[in-house]
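Every read-out reported here was derived from the displayed coordinates using simple, explicitly stated rules and does not represent laboratory data. Just so it is clear, the model here is predicted, and its values are computed rather than measured. Neighbour counts run over all protein chains shown; Cβ positions are idealised from the backbone, glycine included.
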Amino acid sequence: MANVQVRCSVNNCHYWTQDNYCKANQILVTSDSSGGHAGNSYDAPSVPNDLTTPVQMSMETCCQTFVSKNSRS
Ligand code: SF4
């Protein structure tokens with residue numbers, strides 16, 4: 001499996017660290033149309049291996065692993 005370093009500018013996320021690095025062990029990137037309708041439990045550990053959500057442009061994708069720094073979950 002690839003070892004990818006994720007850069008992210010969403011600095012109110014629990015996993016965000018200084019200089020725009022993500023410290024999560026794994027993240028789920030999915031299509032806006034798929035993630036937008038899913039609940040907060042829709043994340044990397046629970047996604048089916050055969051799920052596919054094709055898009056046409058990068059602006060149609062999102063990180064589903066986001067957790068607000070102020071969240072208790
Ligand atoms: S989990 Fe997603 S939103 Fe949060 S820091 Fe990592 S890439 Fe950014």
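One decimal place: the segment ASN70-GLN56 gains 1.7 nm when fully extended, by the rule 0.36 nm per residue minus the C-alpha distance. Distances between placed amide hydrogens fall under 5 Å for THR61 paired with ASP32, all partners being 5 or more residues away or on another chain.
The HN-Hα couplings worked out from phi for segment 59-69 by the Karplus form 6.51 cos²θ - 1.76 cosθ + 1.60 (θ = phi - 60°) are 5, 9, 10, 8, 8, 8, 7, 3, 9, 4, 4 Hz, whole numbers, x standing for Gly and Pro. From helices alone, the chain scores -1000 deg cm²/dmol at 222 nm; the rule is -39500 (n - 2.57) for each run of n ≥ 4 DSSP H residues, then divide by the residue total. Taking all Cα pairs closer than 8 Å and separated by 6 or more residues, the relative contact order of the chain comes to 36 percent. Highest mean packing comes first when the peptides 33-43, 52-62 are listed by Cβ atoms within 10 Å, giving 33-43, 52-62. Loop-located trypsin sites (Lys or Arg not before Pro) in the chain (DSSP state other than H, G, I, E, B) with a sparse environment of at most 12 neighbouring Cβ atoms within 10 Å: LYS23, LYS69, ARG72. Average 1/r across all pairs of distinct alpha carbons in the chain, invert it, and you get the Kirkwood radius: 13.2 Å.
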